[in-house]
Amino acid sequence: MKYFQSVLATGSLVISVSGVHAGETDMHQQLSSDIPVLGEQAAAAGIDHHYRGPWEYFVGGGAASFDCNGDRFPDLMLAGGTDPTQLFVNTSNATDSLRFERRPLAIGDAELKNVTGIYPIDIDNDGHRDVVLLRVGRNVILKGGPDCSFTSANRAFSFDGGRAWTTGFAATFEKDAPFPSLAFGNYVDRSAPGSPWGTCHDNILVRPEGREQPNYSAAEALSPGYCALSMIFTDWNRSGTPSLRITNDRHYYRDGEEQMWRVDPGKAPRLYRRADGWKRVNIWGMGIAEGDIDADGYPEYALTSMGDTKLQTLDTEAEEGRPVYRDIAFERNATAHRPYTGSDLKPSTGWHSEFADFNNDGLLDLFIAKGNVEKMPDFADFDPDNLLLGQHDGTFIEAGHLSGIDLDRRGRGAAVADFDLDGNLDLVVVNREAPVSVFHNRGGRTDWGTRPLGNWLQIELQQDGANRNAVGATILVKSGNETRLRKIQTGGGHASGHSGFIHVGTGVAERAQIRVQWPDGEWSPAYRVFANNFVIIRRGEATAKYWYR
Amino acid sequence: MLFRALTAVGLSFTLATAAPANAQQAAHPEPWSEAAVGSHVDQEMLQGVLTKSQLQTLIEQGKALFVAKFTTADGVGRPMATQAIIPTKRKRPLQQSFQRLPGTDSNACSSCHNDPIAGGAGDFVTNVFVSEGFTNADFDTSDPQFSNERNTNHLMGAGLVELLAREMTADLHAQRTDALRAARETGAPVTVQLVTKGIDFGKIIAEPDGIVDLAAIDGIDTDLVIRPFSQKGVIGSLRQFTVNALNHHHGIQATERFGKRWTGEADFDEDGVADELTPGDVSALVAWQATRKPPVEIEPANEEWRQLSKRGFAVFADIGCADCHRPSLPLNGLRFSDPGPFDAAGTLRPGESRQDAVYDLALTEWAKLLPRDENDAILVPLFGDLKRHKIADQQVSALGNELLGQRFVDRDVFMTSELWGIASTGPYGHRGDLTTLDEIIRVHGGDARQSRDRYVAIDEEDRIALIAFLKTLVIEQ
């Protein structure tokens, strides 16, 4: 019944939004939660970067946010397409604006150019995050060192990198493995006869060999490939063994669909099939966001596309243990199918998507980067990014224009992180053939300026040995009867990854108990923490520590 | 250490004041209205340092609310919400609105806080039953596995208590910041003993990478915020206390936590009344509580009592009572900003209004009477340390009689009770089940065990002297 009411509310919202003058006031009135004011300040922040290039760079445009110098402030590495990849070191302090300094990379342009996407992960467990550059051509692993130094590590890690046009990436530490398994999503095989139509490359899974040094010489093909644009290892069934979910672009595949591979340690990956309950879904899959909206342990997925965004949830009516998903985007008002402001009524084109709590009200919001592929006439030309604010009834309400992110730019990848570590999530969007947008979250919108948002926690997990940053861990944050769930993951979005503090808005809860399920399945004790703190949880220690900037 | 009644969370208070509730509040547009709350206070009107006249008006509005017997027209009761401090829905509506155990349990703040005057404490009949209100929110038993039974605390001098806590918290945060700066500069861990106003809160270790090891802190929360209110010492401000208690005891929900912004609903408790109390209303209640005249130490007219009292004060110090029940703590300023600096979302915070308000307690008549030290700091005679201690042990365990911890604080750990006003606020003990000062002193265990043992061991005459001294700590009527 609640959802039925929501749908009615949604209907009226769509009507009001689709008018020529989509009522800002109307939407504002419907929104009871804080609208985060996201002020664009790339120039002031010292970031001058574009993502450029011909057809191969219509897709991609990744951003990686991670700490490369040990100060815990997220730094930024941005894909440039035919321009070089750039590194921006975060020098923000307690001032009112974000600050970055460009740091030259001691890597040749041959490796820094033609990059579509970037994901950070500590591959060799040395405490420095490495980065994986997805490229049009040979992929590159950069080994991270002290003070944001990077060296090319393909040879050291026996990583071939291939020659494909790579647009998706995900990584997981399989059971007892000393190093992560790396999955690469490939797009169109441009050399195949008949290209580009129906000529999707196979995807690749590279599992580590050797225990002393990463050795990625053995690649397995994940065939068939259907022109992947995003992939993520996801523990969709709470089995403890994540599967590899892939979203694919129907623009180029034939007889393809969305995919999910069962990846059991020591076994060859196996596609979920109809017999398993997997349903055919055909979309222009661009990005995957995973978020557990109701914290039941079974994640929801936002799949961006051209037109409707899909919001999938595990179908509780289906037989237990079967990957049967139901699309709830319409009933939750999350379709984001066309621009919510302006006069362009053509369908949207969605790219990076990410669940996060931008206003710290304790509810997951959904960010979607939007932008025409290039000049596709049947799709919206002015196509602003979405900020769908989560509501208490489970629905979402658009607030992109109210927050200030509705720029006339073609968004692609993005990074959602608290760049100045003030507790509020900021946003960086990589735009095609336009400057990167850097949005500083200044707090909740009011008549007189901004006001503080809700309470928050930011959590860092540490463990010894392999997988120091606990990729694959689950974090439960419980306040009263409310539980909020986050996963530490490497993958998803569109060509963009994050590694660092996990942000959790806690609304009006001033305290919380945190429990961690470490990647090997072991549960931690409950850690009692106060909100508005950066919490460091080291495996095996009885109490959490706080970190201060 | 003398542990006396502390109440819980209860802001409740009985109508001990002579005036009918409706008589003092802002005029209701319809004099025959059955609503106890007249016109709401507009928070936007409270900006900057209030003048004496503005403050007095606000105090009067706060008093009217404090003694108001809320009615269903105001939104009393919470049929679909529990007493929890985080807005929490019930699974099914309550069959009975008023219920002494889980609440709602009183009509007015003054229903309980009335002894010897409005804003005072309460006797055993005013006990409240403190439950987190998340699981087993409804209970029809006083079995301690469901709730902690707590006696009502007095609020006299509460503004000074909060100001002390704020200054101490700021001190501790500055010490933490300094330690982190030193650790970062030297590249080596820095251990700092956390001491403020002479009270030791243990130590922290600041690491060069910005991480702080909190394992050795003592009597304070990990965020180093002193929460001076409630017997447990878990409530940080009068404002937070007010918002909590309004919901718990009356089912009156303040918009700053239960309103649409945080719950998506204007009528979260589904009682048919939306936006029950505005931030301005809460400010009025805070202003009234913050300006309550602190208790005093009287000079007895009776010569024998005077002499005994003098001797008793020496005994108080000699046997170690004053180690925790510090006779006074120095306070540097009397400006009470509202909202305060250390509240979290859900209680109004600085920056959530166009401009924050300041209540200058120096404008009160009683402020002029407060003693000052050589540095011109006000000596707040609270007989407390604003620190939590373990108060029970194997042999002396009576005060370890609760089964439920509260907000991360173990069941046998409580905030040192401030003794000012103790002669006016019996019974004693956090359950209010000890009728004499001698009884409550004898059940001090744990960290207070040595002092208690000395008390038991000293001459009867010294014990009488000590009691005689405590009997001089009164709330003036």
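The values are calculated or read from the model by the stated rules, or taken from the named source; none is laboratory data. Note that the coordinates shown come from a computational prediction; the quantities given were computed from them, not determined experimentally. Don't worry about glycine lacking a Cβ; one is built from the backbone with ideal geometry, like all the others, and counts go over all protein chains shown. Protein only, heavy atoms only, side chains kept; ligands, DNA and RNA dropped before computing areas. Shrake-Rupley method; radii C 1.70, N 1.55, O 1.52, S 1.80 Å.
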Exercise. Going 7 Å from the Cα of B:ALA216 toward and past its Cβ, which residues in the range B:152-186 have a backbone nitrogen under 19 Å from where you end up?
Worked result: B:172-184, B:186
Exercise. Contour minus end-to-end for B:ARG372 and B:GLU270, with contour as 0.36 nm per residue of separation and end-to-end as the Cα-Cα distance?
Worked result: 31.7 nm
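Is chain B rounded, prolate or oblate when judged by the Cα gyration tensor, a ≥ b ≥ c being the square roots of its eigenvalues, rounded requiring a/c under 1.5 and prolate requiring a/b larger than b/c?
rounded
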Exercise. Can you list the GluC sites (Glu not before Pro) in the range A:436-526 that are in a DSSP coil and have 14 or fewer other beta carbons within 10 angstrom?
Worked result: A:GLU522
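Across all directions of projection, what mean area in square nanometres is found for the Cα convex hull of the range B:316-381?
6.7
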Exercise. What FRET efficiency comes out for the pair A:ASP255/A:GLU220, r = Cβ-Cβ distance, R0 = 35 Å, nearest 0.05?
Worked result: 0.95
Seminar exercise, completed: Rounded to two decimals, the Debye log10 I(q)/I(0) of the range B:180-333 (Cα scatterers, no solvent) at q = 0.18 Å⁻¹ is -1.10
Seminar exercise, completed: The computed P(r) of the range B:345-412 puts the percent of Cα pairs beyond 15 Å at 75
Exercise. Does a label point 7 Å from the Cα of A:ASP378, set along Cα-to-beta-carbon, have any residues of the range A:230-255 with amide nitrogen under 16 Å, and which are they?
Worked result: A:249-254
For this session: Counting other Cβ atoms within 10 Å, keep those with at most 15, restrict to DSSP loop, and tell me which trypsin sites (Lys or Arg not before Pro) in the range A:126-181 are left.
Result: A:ARG155, A:ARG163, A:LYS175
For this session: With just the Cα atoms of the protein assembly as shown, tell me how far they stretch along each of the three principal axes, in Å, largest first.
Result: 111, 65, 53
Problem set entry | For the range A:234-289 versus the range A:439-459, the gap between their alpha-carbon centres in whole angstrom | 37
Problem set entry | FRET efficiency estimate (nearest 0.05) - Cβ-Cβ, B:ARG92 to A:ALA44, R0 45 angstrom | 0.25
Exercise. Which residues does a label at A:GLU319 reach in the range A:240-270, if reach means a backbone N under 20 Å from a point 7 Å past the Cα toward the Cβ?
Worked result: A:260-263, A:270
Problem set entry | Column: log10 I(q)/I(0), Debye, Cα scatterers of the range A:419-499, q = 0.13, 0.19, 0.20, 0.25 Å⁻¹ | -0.65, -1.13, -1.17, -1.25
Exercise. Using alpha carbon centroids, what distance separates the range A:36-65 and the range A:386-435, in Å?
Worked result: 13
Exercise. When you look at the Cβ of every residue in B:257-263, what mean number of other chain Cβ atoms sits within 10 Å?
Worked result: 5
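Once the mean 1/r over all distinct Cα pairs of chain A is inverted, what Kirkwood radius in angstroms do you read off?
This gives a value of 23.0 Å.
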Seminar exercise, completed: Diffusion coefficient in µm²/s returned for the range B:159-213 by Stokes-Einstein, Kirkwood Rh over C-alpha pairs, 10 °C and 1.306 mPa s, is 137
Exercise. Across peptide B:205-212, how many C-beta atoms of other chains are within 10 Å of each residue C-beta, on average?
Worked result: 4
Exercise. Evaluated at 10 °C with a viscosity of 1.306 mPa s, what Stokes-Einstein diffusion coefficient in µm²/s does the range A:330-478 have when Rh comes from the Kirkwood expression over alpha-carbon pairs?
Worked result: 95
Exercise. Excluding ligands, DNA and RNA, what is the solvent-accessible area per residue of the range B:357-477 at a probe of 1.4 Å, expressed in Å²?
Worked result: 40
For this session: Post the alpha-carbon centroid distance, the range A:141-197 to the range B:163-205, in whole angstrom.
Result: 47
For this session: Kindly provide the trypsin sites (Lys or Arg not before Pro) of the range B:69-116 that DSSP labels as loop, not H, G, I, E or B, and whose Cβ sees at most 11 other Cβ atoms within 10 Å.
Result: B:LYS91
Exercise. Which pairs break 32 Å Cα to Cα here: B:LYS69/B:LYS197; A:LYS487/B:LYS91; B:LYS203/B:LYS471; A:LYS370/A:LYS487; A:LYS113/A:LYS370; A:LYS478/B:LYS69?
Worked result: B:LYS69/B:LYS197; B:LYS203/B:LYS471; A:LYS478/B:LYS69
Exercise. Can you tell which of B:GLY384, A:ALA542, B:SER110 lies farthest toward the positive end of the dipole of the protein assembly as shown, using +1 and -1 charges on the Cβ of basic and acidic side chains (Lys, Arg; Asp, Glu)?
Worked result: A:ALA542
Exercise. Which longest uninterrupted range of chain B lacks any GluC sites (Glu not before Pro) assigned by DSSP to a loop state (not H, G, I, E or B) and surrounded by at most 16 other Cβ atoms within 10 Å?
Worked result: B:35-269
Problem set entry | Isolated Cys residues of the protein assembly as shown, judged by Cβ distance under 4.7 Å to other cysteines | B:CYS109, B:CYS112, B:CYS321, B:CYS324
For this session: Determine, from the Cβ-Cβ distance of A:ALA268 and B:ASP143 and an R0 of 56 Å, the FRET efficiency 1/(1 + (r/R0)^6), rounded to the nearest 0.05.
Result: 0.45
Exercise. What part of the accessible area of the protein assembly as shown, given as a whole %, is carbon or sulfur when the probe is 1.4 angstrom?
Worked result: 49
